[in-house]
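Below is one structure, written out as structure tokens; the observations come after it.
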Amino acid sequence: MTTQDLQELGQLPTIVVSHRDAATVISRATSRIRHCIDTKDKDKLVSLLETRSKALALVASFDAALRDAAVIQSLNTLSAIGYQCAGDVYLQQGRQLAAINEFTKGLENMAVPDSQLERSLHVAKEHLSKKMDHISLLPEEVVVTNIIPRLMGHQTLHSSKPCPYLYVSRIWRERVLQYDHLSFRLSRNSKESDTADEMQQHAELIRFAPFTESLHVGQKDGKGPWHILSQASFHSLRKLYIKGDAFNWHDPGSLSALRMIGDGLTHLEIDIWHGMTMKFEDILELCPNLVSCTLGGGVALDTSSLCNHVYPKLIHLAIRNLYVTLPQESLEAIYKAFPSLTKLLAKPAIDTRPLALISQYCPRLQWITLQSGFLLPLIGHINGIRHALILQFRRQCYMEDVVSLVRAHAEQLELLNLMVRSMNDVDISTQNDIQFPQLAQLALHSTEHYHAGFSTWVISNAPNLRYVRLIASAVQSKTLDCLISLQHLNRMELRFEPDSCDQNYHQALERLLQHHVRLGTRSTLEKLSLFNVLPSPSSSGSVIPSWLYPVAHLVRLRMFALMTQFDMDASFVSFMEALAANCVALEDIEVTCDHGLVAEGVIAPLQQLKNLKSIAIYCNSLPEHDVLQMQNCPALECLSIDMPGNAVSQSTKDALSASIKEVCIT
């Protein structure tokens, strides 16, 4: 041991809990330990450390007690005292495994077995073997409805690995099996043979098959373990998920297995990798009670025979990532075959023409998404189509079909998200005989200028809009003027494009912003996002566009995001100063200067905002002094800066982290 280690041994440990005369024992032992260190009496030192370790454990100073025990072991590795002290401390803490390890280690180091260590090891093992079956002492309903769901969560049990909860006791097993959502995963090892050995491999699934509600089947070698399903009764099985190459529609074994369990299934999901044609009618013949069906992967779906039947039980249908695009005829056949549909996702769909048939054949539809491109998050529900997402970037989007859809569901429609590459031009100036009283969210993204008429039509007939997201090509000055009449507009996002923003557009935008400035505290606009803002073409030397200045006077503004396509020079300082002085309710601000520079002093005024909780800045370069000043924001909780152009010193990061809860600077 070093001199410093010995000196630390002579220091009086901190005592938090009192226990009889333990404090006195510790104090006296410590004084004598200092004397032994000076006299180098090792045997006496070991005895005193043992006394102090036991006393420290009595006052719950376990770390100090274990430290003394470790010192004893280092002073005399062949003595049982150090191991006995450490093991006793662990036993007092209830750490039986640690105690067993300590006693075992001591016995291994003894030339002659120590009887005290052996007895202590036996006691520790006895303590470890004691279990309290509290599940059997609680009311059955409490266990099944509250405790078991928390233990099991959403975990899926493996067909070949025992679940510990099923083997604690008979009562535990009974309670777990009463849980209605038992789920197993069945996957076949490619090395397994179709013998009794394989049955043994999946014994867990076979044993608990009658209680299994959902089954996940996955396979990579094209030989799904379907014959295993014939070895047990799956009368509780309601949900089947097939993934990979586990299912072959032309394999008699696969079809036979599905036929055995098909009558009880209410949910079926097939997501396979190899190209294969499936007849929708065959699926529904094998599983006649489906209420939810998801088909995806490398599948070519044959819907030709659907027209001869009606399936009223199916309410949720998702067809995604198919091998071939769904033609118009397939969508029409789906509408007619499933009149009870409340939710439909079709990807990829060839066009939007079948939209006009929805109201006629699927009157209960609540949620529809037709996609030709990428996947976006979806939201849904209740009484007619309330949320409609139409995403067509690869195919033609027919305006008359979109108009027909929104007209048919005008009373219920709450969200409309239209993202299209091209859409035929239709005169909708005569369509003003309709209102969208529930429409609260509108998002329009189009690459064609003449779509502005559609956005103007929707906005002018939707008095309760709260959230509007528009791209410049889908907006005219008339569209922006319509936004002035909205009395509940709370959030607005505008994305600018070089070829779409003329002087009339900017003037209309300034009128809209000035309108909310004049309203003052009566304004409902609290969240504003402006993307791809272009520089001012004026010759005054300032790059900041004049229409932007009213933003700094929106007194109700709580969230502001600004993304520019130019450097934020010194002309932005006055704008940010006005923003900090007037927008006192601001809580969240995001500034993006795409690959550009933010001049000195531009962000400094933000420290005046007393309610500001989050700042996000993305730029190529920003003065470090300005970054450091963000520590002065009194309510700031999150600071995120992405600045690849220059690094921020570690000292600045440390200073910011000391006063701000979450700091991320890259």
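With respect to ILE242, is the statement that it is at pLDDT 65 or above, touching a helix residue (DSSP H, G or I) at 6+ places or on another chain (Cβ under 7 Å) and under 20 Å from GLY262 (Cβ atoms) true?
When the stated conditions are applied, ILE242 does not pass them.
Go through the range 31-80 and give me each residue that's surrounded by fewer than 16 Cβ atoms within 10 Å (Cβ to Cβ), of a type in the set (Val, Ile, Thr) and not in a loop (DSSP other than H, G, I, E, B).
THR39
Looking only at the range 312-326, count how many residues are at pLDDT below 90 and more than 27 Å from the chain's Cα centre (by Cα).
4
Hey, any hits in the range 149-160 for a residue that's in contact with a strand residue (DSSP E or B) (Cβ under 6 Å, 6 or more places away or on another chain) and either of a type in the set (Gly, Ala, Ser) or over 30 Å from GLY218 (Cα atoms) (or both)?
Checked against the condition, which is being in contact with a strand residue (DSSP E or B) (Cβ under 6 Å, 6 or more places away or on another chain) and either of a type in the set (Gly, Ala, Ser) or over 30 Å from GLY218 (Cα atoms) (or both), the range 149-160 yields at least one hit.
Determine whether the range 479-499 contains at least one residue that is of a type in the set (A, V, I, L, M) and in a strand (DSSP E or B).
The answer is yes, given that some residue of the range 479-499 is of a type in the set (A, V, I, L, M) and in a strand (DSSP E or B).
In the range 122-142, which residues are surrounded by 10 or more Cβ atoms within 10 Å (Cβ to Cβ) and part of a helix (DSSP H, G or I)?
Matches in the range 122-142: HIS122, VAL123, ALA124, LYS125, GLU126, HIS127, LEU128, ILE135, SER136, GLU140, VAL142.
Out of all the residues in the range 511-519, is one or more modelled with pLDDT under 85 and surrounded by fewer than 16 Cβ atoms within 10 Å (Cβ to Cβ)?
No, the range 511-519 contains no residue that is modelled with pLDDT under 85 and surrounded by fewer than 16 Cβ atoms within 10 Å (Cβ to Cβ).
Check the range 333-350 and report whether any residue there is farther than 18 Å from CYS293 by Cβ and at pLDDT 75 or above.
no
I'd like to know if the range 605-619 contains one or more residues that are assigned to a helix (DSSP H, G or I), in the same structural domain as GLU662 (by TED's automatic domain parsing), small (Gly, Ala, Ser) and on the phi < 0 side of the Ramachandran plot.
no
Scan the range 351-371 for residues that are outside any strand (DSSP E or B) and modelled with pLDDT of 75 or more and report the count.
Residues that pass the stated criteria total 7.
Can you find a residue that is in contact with a Lys or Arg (Cβ under 7 Å, 6 or more places away or on another chain), at pLDDT below 70, surrounded by 15 or more Cβ atoms within 10 Å (Cβ to Cβ) and under 30 Å from LEU290 (Cβ atoms) anywhere in the range 410-421?
No; the residues of the range 410-421 include none that is in contact with a Lys or Arg (Cβ under 7 Å, 6 or more places away or on another chain), at pLDDT below 70, surrounded by 15 or more Cβ atoms within 10 Å (Cβ to Cβ) and under 30 Å from LEU290 (Cβ atoms).
The values are calculated or read from the model by the stated rules, or taken from the named source; none is laboratory data. Nothing here was measured: the structure is a model prediction, and the numbers come from that model. Note: ideal-geometry Cβ built from the backbone for every residue, glycine included; neighbour counts use all protein chains shown.
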